[in-house]
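Colleague: This is the structure I want to talk about, given as C-alpha cells.
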Amino acid sequence: MRIALLGGTGDIGRGLALRWGHDTDHELLVGSRDPEKARESADTYRTRLEERGVDADLKGFENAMAADRADVVVLAVPAYHLVDTVESVADRLDAGTILVTPAVGMQRDEDGFHYNRPGAGSVAALAAAETPEDVPLVGAFHNLPAGALADLDADFEWDTLVFGEDGDAKATVSQLAEEIEGLRALDVGGLANAPEVEAVTPLLINVAMCNDDLHDLGVKFQ
Ligand SMILES: NC(=O)c1ccc[n+]([C@@H]2O[C@H](COP(=O)([O-])OP(=O)(O)OC[C@H]3O[C@@H](n4cnc5c(N)ncnc54)[C@H](OP(=O)(O)O)[C@@H]3O)[C@@H](O)[C@H]2O)c1
C-alpha cells in the first residue's frame with residue numbers, strides 16, 4: 001500500500017512512519033507544507049531504520065504531492081488545521097482513497113487538558129464535511145502516545161479505536177493498524193461515535209500529569 005502521512009514531520013506522523021517502516025513493507029510518503037522539511041524528515045526516519053537493519057520505502061513530499069495516488073492518507077496535523085489540510089489536498093484524492101483522522105481538539109487550563117468538542121460534533125465530523133463524497137473518512141490512532149510509538153525500543157500492547165461509515169475502509173485501516181506489532185484495532189461504529197474516542201486523549205494526558213510514575217499512556221480493553 002501507498003500511505004501518505006500529511007504533517008508526517010510531527011510527533012504522531014513520525015511514530016506511525018517509524019512503526020510502519022519497521023514492521024511492514026508499505027510505501028510511506030512523509031508529507032509537509034514544505035517539501036524540503038518533508039525530505040529531511042523522511043531521510044531521518046530512513047536512517048533510524050537503517051541503523052536497525054531495516055530498509056524502509058520512505059520518501060518526503062509536499063502534502064498534496066504525498067496525497068496524490070496514495071491508497072491511504074493520514075491527516076497527522078493539529079486539529080485546528082485539519083479542515084484546511086483536507087481542502088489543500090482534496091483535488092488530489094482518487095475515488096476510494098481512504099482519509100484517516102487521528103485528530104483531537106483540546107484546550108488546556110490550570111486543571112489540565114479538556115476535550116474541545118466542535119459544534120459539528122467532533123473533529124472527524126468537521127473533516128468529513130470537507131471530504132469528497134467518494135473518499136471514505138476513518139478515525140483511528142487518537143489514543144496512542146506519539147513518543148512511545150516513535151521509540152522503537154518500547155514494547156506496547158495497546159488498542160486503537162476505529163470509527164467510520166464505510167466498513168471496507170475501516171477494515172483496511174484496522175488491518176494497517178494491526179500490522180504494527182502490539183497494536184489491536186477495535187471497531188467502535190460510525191462517525192457519530194467519534195466524540196467519545198476523541199475525548200479519551202485528554203483523559204490519558206491528565207492521568208499521566210497527575211501520576212508521576214505514569215507516562216506515555218495508551219488504552220487496552222479487556
Ligand atoms: N502527539 C500525540 O501523541 C498524538 C497522539 C494521537 C493523536 N494525535 C493527533 O495527531 C495530530 C497531530 O499531532 P502531533 O502531535 O503530531 O502534531 P504536531 O507535531 O504539533 O504537528 C504535526 C505537523 O502538522 C503540521 N502543521 C503545523 N501547523 C500546521 C498548519 N497550520 N497547517 C497545516 N499543517 C500544519 C506540521 O508539519 P509541517 O510544518 O511539516 O507542514 C507539523 O509537523 C493532532 O490532530 C493530534 O490531536 C497526536
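The values are calculated or read from the model by the stated rules, or taken from the named source; none is laboratory data. Worth saying up front: this structure is predicted, and the values here are computed from it rather than measured. Every residue, glycine as well, gets a Cβ built from its backbone with ideal geometry; the counts of neighbours run over all protein chains shown. The accessibility values were calculated without ligands, DNA or RNA, using every heavy atom of the protein model including side chains. Shrake-Rupley method; radii C 1.70, N 1.55, O 1.52, S 1.80 Å.
Colleague: With a 1.4 Å probe and all protein chains kept in place, how much accessible area does ASP155 have, in Å² rounded to the nearest 10?
Modeller: Number for this one is 150 Å².
Colleague: Between ASP25 and GLU157, how high is the FRET efficiency from 1/(1 + (r/R0)^6) when r is the Cβ-Cβ distance and R₀ = 25 Å? Nearest 0.05. Show your work: numbers first, answer last.
Modeller: Values: r = 23 Å, r/R0 = 0.94.
Efficiency, rounded to the nearest 0.05: 0.60.
Colleague: Calculate one ³J(HN,Hα) per residue across region 179-193 by plugging θ = phi - 60° into the Karplus curve 6.51 cos²θ - 1.76 cosθ + 1.60, and present them in order as whole Hz with x for glycine and proline.
Modeller: In residue order, the calculated couplings are 6, 7, 4, x, 9, 10, 9, 10, 6, 10, x, x, 4, 4, 8 Hz.
Colleague: So how compact is the chain: Cα radius of gyration and Dmax in angstrom?
Modeller: 16.3, 47
Colleague: What does DSSP give for the chain in terms of the percent of beta bridges that are antiparallel, rounded to the nearest 5? All intermediate terms of the calculation are to be shown ahead of the outcome.
Modeller: Details: 7 of 31 bridges.
Antiparallel bridges make up about 25 percent of those DSSP assigns within the chain.
Colleague: Something else about it: Taking a probe of 1.4 angstrom, what is the accessible area of GLU62 in Å², to the nearest 10?
Modeller: Its heavy atoms expose roughly 60 Å² to the probe.
Colleague: Something else about it: Working with all protein chains in place, sort PHE113, PHE221, PHE156 by solvent-accessible area computed with a 1.4 Å probe, largest first. Could you put the intermediate results ahead of the total?
Modeller: On the way: PHE113 45, PHE221 105, PHE156 20 Å².
The most accessible residue leads, giving PHE221, PHE113, PHE156.
Colleague: Between GLN175 and LYS59, what is the FRET efficiency for a Förster distance of 25 Å, r being their Cβ-Cβ separation, to the nearest 0.05?
Modeller: Efficiency at R0 = 25 Å is approximately 0.65.
Colleague: Would you calculate the separation in nanometres between label points at ALA120 and LEU214, each defined as 7 Å from the Cα along the Cα-to-beta-carbon direction?
Modeller: The two pseudo-label positions are separated by 3.2 nm.
Colleague: TYR115 accessible area, nearest 10 Å², 1.4 Å probe?
Modeller: 50 Å²
Colleague: Another one. Can you send over the carbon and sulfur percentage of the accessible area for region 129-181, probe radius 1.4 Å, protein chains only?
Modeller: 38 percent
Colleague: Translational diffusion coefficient, Stokes-Einstein: compute it for region 1-120 using the Kirkwood radius over C-alpha pairs as Rh, at 4 °C and 1.567 mPa s, and state it as an integer in µm² s⁻¹.
Modeller: Rounded, D is 88 µm²/s.
Colleague: If I model region 147-211 as equal point scatterers sitting on the Cα atoms and use the Debye formula, what is log10 I(q)/I(0) at q = 0.20, 0.23 Å⁻¹?
Modeller: Result of the Debye calculation: -0.92, -1.07.
Colleague: Give the long-range amide H neighbours of VAL219: residues separated by 5 or more places, or on another chain, with amide H under 5 Å away, using H modelled in the peptide plane at 1.01 Å from N.
Modeller: For VAL219, the qualifying residues are ASP159.
Colleague: Between ASP94 and ARG52, what FRET efficiency follows from the Cβ-Cβ distance if R0 is 41 Å, with the result rounded to 0.05?
Modeller: For ASP94 and ARG52, the calculated efficiency is 0.80.
Colleague: Could you tell me how far the Cα centroid of region 7-41 sits from the Cα centroid of region 79-118, in Å?
Modeller: If we compute the Cα centre of each part, the gap is 17 Å.
Colleague: Skip the ligands, DNA and RNA, and give the accessible area per residue of region 121-212 with a 1.4 Å probe, whole Å².
Modeller: Using a 1.4 Å probe on heavy atoms only, each residue of region 121-212 averages 42 Å².
Colleague: With 10 Å bins from zero, work out the P(r) of region 79-192 over every alpha carbon pair and list the percent per bin.
Modeller: Taking all Cα pairs of region 79-192, the binned fractions are 13, 40, 36, 11, 0 percent.
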